[in-house]
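What follows draws every value from the coordinates through simple rules; no lab data is involved. Fair warning: this is a prediction, and the values are worked out from it, not measured in the lab. We place every Cβ from the backbone using ideal geometry, glycine too, and count neighbours over all the protein chains shown.
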Amino acid sequence: MSRRFARGATSLALALAVLVVTALAQPALAADDATAPRYTDGATTFQANCVVCHGRYGVGQPSLAPPLTDYPARYIANAEGRRQLAMTVLYGMFGDITVQQKHYNFRMPQFAQLSDDALAAVLNYVAFDLAHASADTAALSAADIAAVRSQPVGADAVRVHRSALLTDLGLAN
């Protein structure tokens with residue numbers, strides 16, 4: 001076995017161990033905490049695609065992925081924020097970002113292979129069930145996702161759009 005292969009295998013094993021420990025450290029959902037999510041299809045999609053990086057409750061993981069428990073509620077109440085949510089899941093995002101005064105340099109994968117219905121459901125789950133957006137805020141629809149899908153952009157453009165949005169929302173750090 002070559003040294004390069006051994007180092008790569010060791011790095012992979014370490015990364016997997018960190019993910020397992022982090023997942024196990026997430027608090028278990030107590031029976032009295034169990035509130036049925038408003039967007040159950042979105043919860044299922046989140047558990048299948050997002051929980052590895054963002055955690056079971058969307059609280060994120062230090063240096064890996066930012067929390068989803070605040071900004072999405074603010075985004076969904078704003079036209080450009082709604083566009084940002086859709087762009088992020090459709091095209092991914094990479095590079096330096098700051099969320100709640102914490103720095104992340106990560107690569108959010110794109111999920112364009114998921115249907116517009118699935119993406120709308122997962123974004124609504126994140127914004128309403130995890131981030132607790134106001135109930136009088138309109139939910140995203142499959143048509144909203146389709147409109148953003150019809151104008152593809154690169155992951156770097158998603159981050160640039162996010163930066164401008166944060167300034168507009170008074171959230172820039």
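Using only the alpha carbons, work out the radius of gyration and Dmax of segment 116-172 in angstrom.
12.9, 32
Please give the peptides 100-112, 75-87 ranked by average Cβ packing (other Cβ atoms within 10 Å per residue), highest first, as a rough proxy for protection. Numbers along the way, then the final one.
Details: 100-112: 14.1, 75-87: 20.2.
Final packing ranking: 75-87, 100-112.
Kindly write out, for segment 136-149 in residue order, the coupling ³J(HN,Hα) from the Karplus curve 6.51 cos²θ - 1.76 cosθ + 1.60 (θ = phi - 60°), rounded to whole Hz, with x marking Gly and Pro.
Once rounded to whole Hz, the list reads 8, 7, 5, 6, 6, 10, 4, 5, 4, 5, 4, 5, 6, 4.
Expressed in nm to one decimal, what extension gain is obtained for the pair Ser134 and Ala36 from 0.36 nm per residue of sequence separation less their Cα-Cα distance?
Length gained between Ser134 and Ala36: 33.6 nm.
If you build the convex hull over the alpha carbons only and average its shadow over all orientations, what do you get for segment 79-125? Give it in nm² to one decimal.
Spelled out: convex hull of the Cα atoms, projected over all directions, averaged, 3.8 nm².
Report the gain in length on full extension from Gln47 to Ala142: 0.36 nm times residue separation, minus Cα-Cα distance, nm rounded to one decimal.
The Gln47-Ala142 span can extend by a further 32.2 nm.
Full-extension gain between Ser163 and Glu80, please, as 0.36 nm times their residue separation minus the C-alpha to C-alpha distance.
28.7 nm
Taking R0 as 25 Å, what's the FRET efficiency between Ser63 and Val153 from their Cβ-Cβ distance, rounded to 0.05? Don't skip to the end; give the middle numbers.
Working: r = 26 Å, r/R0 = 1.05.
E(calc), rounded to 0.05, equals 0.45.
Over segment 38-168, what number does the Rg to Rh ratio reach, with both radii from the alpha-carbon atoms and Rh per Kirkwood? Intermediate results must be reported in sequence, preceding the final value.
Numbers: Rg = 13.1 Å, Rh = 14.4 Å.
Ratio of gyration radius to Kirkwood radius: 0.91.
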